[in-house]
Amino acid sequence: MQMTNLMQHRLFLPLLALALILLANLVVSPEFFHLQFKDGRFYGSLIDVLNRSAPCALLAIGMSLVIATGGIDLSVGAVVAITGAVCANLLNSSFDAMFLVIAAGLLVGLAAGMVNGSLVSIFGIQPIVATLVLMVAGRGIAQLINSGQIVTFQNQSFAAIGVGSIFGLPSPVVLALLVFLLVQLAMRFTALGLFIEACGSNPRASHYLGLNVRVIKFFVYCVSGICAAFAGMVITADIQGADANNAGLWLELDAILAVVLGGASLAGGRFSLPLTMIGVLIIQAMSTTIIMSGMEPKYNLLIKSVVILIVLLLQSPALRQQLRGLAFARGNKA
């Protein structure tokens, strides 16, 4: 009963924030919730929000696990760019079999995750520094693969990953949902989720209890890399091209923000994938509100940064202690 009440309390604020943002969109555009089914697919503003949220949702799934171990992955945007460059160039060559192209994209994400995981878990480099290396170098690698150009391709089978539909929903939405369900089942119906939270909460105690903290940290960075590869293929398939400079740019910020909005602490420990997904929807709904209200898109990043700052301050134990001290002092004066 206590756990149920705690979960309901954690769900209340994110759901309330999402509801308020959606209500604001309804005020700006009365037809915001209108759905239309045409040619075997749903259309409408809500579907657009879900569709545009898919790449961020994929990144946020992997980011949740990384942050739960007390780490951070700043390289996911660069991995998106590398994956897109590899897939686009393969599709323009004779090596254009769909299965092999997708496998190559996933191998890129796995390799990036293995690099980050090795630097963090084996060599003991701080996660923010270890992933910053690939964040910077990754875009350079993507540009080298593309020879500094935007590489386009014509392949309807691969493009269906970004612009197709399954059961009336956009393909990216279905892909993100499948990845979410797979990871959620692994985290909550096996001991893996508990191991990850334990390593993030107290790595030393977890080690003494027999958990291999290094392997667990290595694993979550690999998952994050694979999720970034999925997001890279979705973005590349959507525009039928690979832009090494702009693909996945700032998406790492959105993924981190989504995890934080979901109530996870950047210090590691407890995490919730459903709450992270709500955080993703809040971010995209905010972007939609900015666009539909007529505000210039340049304010988008500023608003997201302010939200991150507010959430981090609310999570700060020092700030909460100071606020309690002020409240206690005012109570004594009264």
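The values are calculated or read from the model by the stated rules, or taken from the named source; none is laboratory data. Note that this is a predicted model, so its numbers are computed, not measured. Backbone-built Cβ (ideal geometry, glycine too); neighbour counts: all protein chains shown. Calculation scope for accessible area: heavy atoms of the full protein, side chains included, ligands and nucleic acids excluded. Shrake-Rupley method; radii C 1.70, N 1.55, O 1.52, S 1.80 Å.
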task = Being modelled with pLDDT under 85, touching a Phe, Trp or Tyr at 6+ places or on another chain (Cβ under 9 Å) and of a type outside the set (A, V, I, L, M, F, W, C) is the filter here, so list the residues in the range 2-39 that pass it.
result = N25
inquiry  = So for the range 270-293 (the condition being over 14 Å from S64 (Cβ atoms), in contact with a Lys or Arg (Cβ under 6 Å, 6 or more places away or on another chain) and part of a helix (DSSP H, G or I)), does at least one residue qualify?
reply    = yes
query = For the range 235-260, how many residues meet the condition of being in a helix (DSSP H, G or I), over 11 Å from the mean Cα position of the chain (by Cα) and not β-branched (V, I, T)?
reply = 2
key: Unique match (being at pLDDT below 80, in contact with a Phe, Trp or Tyr (Cβ under 7 Å, 6 or more places away or on another chain) and of a type in the set (A, V, I, L, M, F, W, C)) among I290, I310   = I290
Residues satisfying the stated conditions in the range 114-123, i.e. out of contact with any Cys (no Cβ under 7 Å at 6 or more places or on another chain) and open to solvent by 60 Å² or more (accessible area, probe 1.4 Å) = V115, I122, F123
key: Filter pass, L181 being over 26 Å from A78 (Cβ atoms) and open to solvent by less than 70 Å² (accessible area, probe 1.4 Å)   = no
query = Filtering the range 193-243 down to residues that are hydroxyl-bearing (S, T, Y) and modelled with pLDDT of 95 or more, which residue is surrounded by the most Cβ atoms within 10 Å (Cβ to Cβ)?
reply = S224
Selected residue [buried (at least 23 other Cβ atoms within 10 Å of the Cβ), in contact with a helix residue (DSSP H, G or I) (Cβ under 8 Å, 6 or more places away or on another chain) and not β-branched (V, I, T)] from A78, A111 = A78
